[in-house]
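Read the structure below first, then the notes.
The values are calculated or read from the model by the stated rules, or taken from the named source; none is laboratory data. Quantities reported herein were computed from a predicted structural model and do not represent experimental measurements. Backbone-built Cβ (ideal geometry, glycine too); neighbour counts: all protein chains shown. The protein model used for the area step is the full one, side chains on, heavy atoms only, and it has no ligands, DNA or RNA in it. Shrake-Rupley method; radii C 1.70, N 1.55, O 1.52, S 1.80 Å.
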Amino acid sequence: MPKVDRGLIAAAVAAHVPSLGSEATTPDFQRSLVAGLREMGAAIRAMKPDVLVVESAHWVSTFNWFATLQNPHRGVCVATEALELIPGTPYERKGDPEFGAALIEAFKPHSVPAFPNASEHYSWDYAGLIPLLYLDPDAAVPVVQIPTVLAADYDECRLAGRLVGEAARATGRRAVFVASSALTHAVVRGRHNWPTPERMELDRKFIDLLRSGALDRIDAWFPEYAAAVKAEMGGRVIATLLGAMQDLSARGGKLSGRQFGEYTQSSGSGNVNLLITPV
C-alpha cells in the first residue's frame, strides 16, 4: 500500500453549531461535540499537516469558487444569525497564500470559475472559525478557506475536493480537508430538538459508510441520501468531502473513518466529527 506523504493526507467532517462558539454557551448535550473536536484535532495535528483547507457551509458563493490568500487571517467573527451566542470573536491565524493560489490555478483547466480572495476587509463566518477553535487551539497550522458554491453540482464539488489534493501535491504540502457542515439540516427552533427518527437513521447509515470507507457505495447513494435528510447546503460541502476521499483513495488505497464524540442534535440538525484516512 503506498504511503501518503505529500498531498492530501486526511479529510474530515467537523461540527460548527453556534453554541460551540464559547464553552460557556455550550449546553451539556452538545459537550461531546467539543470533546470530539478536541480529540480529532489532536489526531490531525499528530499527522503534522502543513495546511488545513476548510470549506464553510456558511461562506456562500453563488457562482464562483474562491480560496483565501490572507496571511495572517485576522478579524472579528460575528454570527449574524446567532448574535446572542457569537456577538464578536476576535481571531488571528496563519494563512498559506501559495497553496491558495495553487488551488485557484488547479481549477483553470476545468473551465470552472475560481478566483483568489485577498481582500483585507474579508472576515470569517462562524462555520469557518468554530471547528478551528478546538481542532487547532494554538492556531499553529496555516489555514486556507473555500466557500460553498450554489451553482456547483455534486460532480463539481467532488472535483473541488480532488483539486485540494492536486494543489497540495503541486506545493509539496501535507493537507487536511475539513468539511464544516452538519448532516441532516431541517432546522427547527430549540437547540435540544433532535432530527426526525427517519433522518437520524439515514445519518447513522451514512456515518457507518464513511467509517467503513465504502466510497463506491457512498457515491451511488449520496444524491438520494442528501435529498432525504435535507442535507446542509444541499449536501454540497459533503460532496466536496467525497471528492477529497476520491483523491485519498486514488493515492492511498482503502480508506477508514474514525468518529470522535457522539452524533448530536442542534435545532433539528444532525452533527458529527469524523476523520477519514488511508488505512
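Looking at ARG169, ARG174, which one is under 18 Å from the mean Cα position of the chain (by Cα), open to solvent by 10 Å² or more (accessible area, probe 1.4 Å) and closer than 23 Å to ALA43 by Cβ?
Only one candidate qualifies: ARG174.
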Condition set open to solvent by 40 Å² or more (accessible area, probe 1.4 Å) and among the aliphatic types (A, V, I, L, M), scope the range 72-100, selection farthest from TYR134 (Cα to Cα): answer is LEU83
Residue by residue through the range 34-61, note down the ones that are within 15 Å of the chain's Cα centre (by Cα) and hydroxyl-bearing (Ser, Thr, Tyr). SER56
Which of the following residues is within 22 Å of ALA175 (Cα to Cα), among the aliphatic types (A, V, I, L, M), touching a Lys or Arg at 6+ places or on another chain (Cβ under 9 Å) and part of a loop (DSSP other than H, G, I, E, B): ALA140, ALA102? ALA140
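Hey, among ALA244, ALA239, ALA250, which residue is more than 14 Å from VAL178 (Cα to Cα) and either open to solvent by 10 Å² or more (accessible area, probe 1.4 Å) or not basic (Lys, Arg) (or both)?
Numbers: ALA244 fails: more than 14 Å from VAL178 (Cα to Cα); ALA239 fails: more than 14 Å from VAL178 (Cα to Cα).
Going through ALA244, ALA239, ALA250 in turn, the sole match is ALA250.
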Give the number of residues within the range 2-48 that are out of contact with any strand residue (DSSP E or B) (no Cβ under 9 Å at 6 or more places or on another chain), at pLDDT below 95 and either assigned to a loop (DSSP other than H, G, I, E, B) or farther than 13 Å from TYR134 by Cα (or both). 2
Of (1) farther than 30 Å from ASP5 by Cα; (2) of a type outside the set (Val, Ile, Thr); (3) in contact with a helix residue (DSSP H, G or I) (Cβ under 6 Å, 6 or more places away or on another chain), LEU69 fails just (1)
Here's a check for you: in the range 181-200, which residue that is β-branched (Val, Ile, Thr) and open to solvent by 30 Å² or more (accessible area, probe 1.4 Å) is nearest to PRO147 (Cα to Cα)? VAL187
Kindly indicate whether any position in the range 174-195 is out of contact with any Pro (no Cβ under 6 Å at 6 or more places or on another chain) and part of a helix (DSSP H, G or I). no
